[in-house]
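Peer 1: Before I ask anything, here is the structure I am working with.
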Amino acid sequence: MNFREKIKNIKALGMDIDGVLTNGKIYIYRNDEVRTFNAKDGFSIRLLKLSGIKTLIITGKSSISIKRRCIQLGIDYLYENMRNKLTAMENFLKNENLSWDEVGFIGDDIPDIPVMEKVGFSAAPSDASEEVKRICDFVSKRKGGEGAVREIIELILKGQEKWEKTLKLFFQNPASLF
């Protein structure tokens, strides 16, 4: 089955943080790690939620910056400090009563591979590790933290024929995303 068929079943989208929603750089400042996030990626996550698709973050890290960004975007589930990302995804599937083929995941490095191999649709930024790019369904033209998530979310929403309807919902009530 090609990726265009796979995205039609997606009811939830999971993502890693570092290298997917960020460019992978981590700055240490005082007692926290500081990351930069792309506003276009963030806006597309809000559109995804408006369309009715659940969101989750599974990351091996934990920091105030991650929690804060997830709150800003209204992420439905945040799994931090996950050395085994499969466990987090299994918990999510159980909580939401979803199957593997109803979930997509965007990852960029080796710890993401076990989840990416099981989900219904997997995607990666253009600067993901070669191992990830070899096993995923779709590789973005953009790098992590530079619009890759936006490109992948647009692909999903357009593939499900939800893009125009979601934009219409947004324009009817722009405050609904903030």
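The values are calculated or read from the model by the stated rules, or taken from the named source; none is laboratory data. Note that this is a predicted model, so its numbers are computed, not measured. Cβ coordinates were reconstructed from backbone atoms using ideal geometry, including for glycine residues, and neighbour counts include every protein chain displayed.
Peer 1: I'm trying to understand the selection: among the residues of the range 79-105, which are touching a helix residue (DSSP H, G or I) at 6+ places or on another chain (Cβ under 6 Å) and under 23 Å from Arg150 (Cβ atoms)?
Peer 2: Tyr79, Lys85, Met89, Glu102, Phe105 - these are the residues of the range 79-105 that are touching a helix residue (DSSP H, G or I) at 6+ places or on another chain (Cβ under 6 Å) and under 23 Å from Arg150 (Cβ atoms).
Peer 1: Within the group Gly120, Gly159, which residue is over 13 Å from the mean Cα position of the chain (by Cα), of a type outside the set (Phe, Trp, Tyr), crowded, with 19+ Cβ neighbours inside 10 Å and under 18 Å from Arg4 (Cβ atoms)?
Peer 2: Just a single option satisfies the conditions, and that option is Gly120.
Peer 1: Residue by residue through the range 105-139, note down the ones that are without any contact (Cβ under 8 Å) to a residue 60 or more places away in the chain, touching a strand residue (DSSP E or B) at 6+ places or on another chain (Cβ under 7 Å) and not aliphatic (A, V, I, L, M).
Peer 2: Correct list: Ser122, Ser126, Lys133, Cys136.
Peer 1: Return a yes/no flag: does the range 101-115 have any residue that is over 20 Å from Thr22 (Cα atoms) and loosely packed, with under 14 Cβ neighbours inside 10 Å.
Peer 2: Within the range 101-115, none of the residues are over 20 Å from Thr22 (Cα atoms) and loosely packed, with under 14 Cβ neighbours inside 10 Å.
Peer 1: For Arg142, only one of the following conditions fails: (1) without any contact (Cβ under 8 Å) to a residue 24 or more places away in the chain; (2) of a type in the set (Lys, Arg); (3) buried (at least 17 other Cβ atoms within 10 Å of the Cβ); (4) in a helix (DSSP H, G or I). What is its number?
Peer 2: (4)
Peer 1: With the requirement that a residue be touching a Lys or Arg at 6+ places or on another chain (Cβ under 6 Å) and part of a helix (DSSP H, G or I), what does the range 112-124 give you?
Peer 2: Val115, the sole residue that qualifies.
Peer 1: Can you name the number of the only condition in (1) exposed (fewer than 14 other Cβ atoms within 10 Å of the Cβ); (2) within 18 Å of Asp137 (Cβ to Cβ) that Gly52 fails?
Peer 2: (2)
Peer 1: For the range 10-47, give me each residue that is over 18 Å from Ile71 (Cβ atoms) and hydroxyl-bearing (Ser, Thr, Tyr).
Peer 2: Passing the criteria: Tyr27, Tyr29.
Peer 1: Please verify whether Arg83 is surrounded by 15 or more Cβ atoms within 10 Å (Cβ to Cβ) and at pLDDT below 95, treating the condition exactly as stated.
Peer 2: Against the criterion (surrounded by 15 or more Cβ atoms within 10 Å (Cβ to Cβ) and at pLDDT below 95), Arg83 does not qualify.
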